[in-house]
Amino acid sequence: MKKVHLLMMGGILLCLTGMAQTDTTLQEKPASDTLRVGSIIIIKNGKENKTEEGYQKNRPVHRSRWKNKVSTNWFIVDLGFANHEDKTNYGSTEAQSFVHGATLAKPAGKSDFTVKTGSFNFNLWLFMQRMSLYKQVVNLKYGAGIELYKYYYKSGIRYIEGSDPYVERQDVSFKRNKLAFDYVTVPFMLNINPNPGHKNGGINVSAGISAGYLYGARNKQKSDDFGKQKFAGDFNLERWKLAYIAELGLGPVRLYGSYAITPLHQYGVDQHPYAVGVRFSSW
């Protein structure tokens, strides 16, 4: 019997010893600013976070300032109405000698260079970039592309290429008499966008200047007498073109305009091309 009592007392002592050890473990609490999860310690005062999620969250993110400040728009198309402002002094000898066939009965005048309503301007900008100067409200816009002008004359003039190019009156009834001239152009504009976060662009305006270089000109004519004819040359056209340019954004709709500071011709007449139309662009 004594052996049985001894065994029971030994078992009770073992249980008490185990419970004591368990209680000791439970009482060992981590510091108030830390939390132990397995082998990972999380410091809750914000100084350190060793979890993978915390590491990803607190890791510094390196962003390109250039990428944030500059956006690019590819292949922008303009389509608009084209004409010119004629400032020529037709009373001058230079103007009268430039138009061959002018007589005392019918001297050279604006009517020789009047263009039809169907004359147009087509531009293809390979790219345009917008660089933020101040919080995307004030921006610099620039790009590169080609400008194409098509003048359909009401009169029967013909451009004659040579060492001294001139315009000649023709006694022909032309069904079509077109002068086409093209430029490689680089525009620079200052853009004001009061609401850069607007999903449709809101209202914004741009204004500036463009520089273009003439790379081709053609005089195409069609008549019953001669059929279709095409003449290529410089035709006394000014090689360089400087122009005032502007753009108005009204939500998804964009309008553009340009006015040439330099005259179309080098001598003879003083005409300044201009164009107004619609710009197909995402901004």
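Just so you know, all these numbers are worked out from the coordinates, no wet-lab data involved. Quantities reported herein were computed from a predicted structural model and do not represent experimental measurements. Cβ coordinates were reconstructed from backbone atoms using ideal geometry, including for glycine residues, and neighbour counts include every protein chain displayed.
Just grab the label-to-label distance for ARG218 and VAL77, each label 7 Å out from Cα along the Cβ direction, in nm (one decimal).
In this crude spin-label approximation the distance works out to 2.0 nm.
Two decimals is fine: what is log10 I(q)/I(0) at q = 0.17 Å⁻¹ for region 208-277, from a Debye sum with one equal scatterer on every Cα and no solvent?
-0.77
Could you give the length gained on full extension between PHE188 and ARG176, defined as 0.36 nm per residue of separation minus the Cα-Cα distance, in nm?
Taking PHE188 through ARG176 to full extension adds about 0.8 nm, to one decimal.
In what sequence, highest mean first, do 153-166, 254-267 appear when ranked by Cβ atoms within 10 angstrom? Intermediate results must be reported in sequence, preceding the final value.
Values: 153-166: 16.3, 254-267: 18.4.
Highest to lowest by the protection proxy: 254-267, 153-166.
Relative to the present Cα-Cα distance, how much length would full extension add between LEU126 and GLU94 at 0.36 nm per residue of separation?
Values: separation 32, 0.36 × 32 = 11.52 nm, distance 3.94 nm.
Gain in length upon complete extension: 7.6 nm.
With just the Cα atoms defining each centre, how far is region 184-252 from region 130-149? Give it in Å.
Each part's Cα centre sits 14 Å from the other's.
Calculate one ³J(HN,Hα) per residue across region 96-108 by plugging θ = phi - 60° into the Karplus curve 6.51 cos²θ - 1.76 cosθ + 1.60, and present them in order as whole Hz with x for glycine and proline.
5, 6, 6, 9, 6, x, 6, 10, 4, 6, 9, x, 4
Each residue of region 78-86 in order: what ³J(HN,Hα) in whole Hz does its phi give by Karplus 6.51 cos²θ - 1.76 cosθ + 1.60, θ = phi - 60°, with x for Gly and Pro?
Result, ordered by residue: 10, 9, x, 7, 10, 7, 9, 8, 9 Hz.
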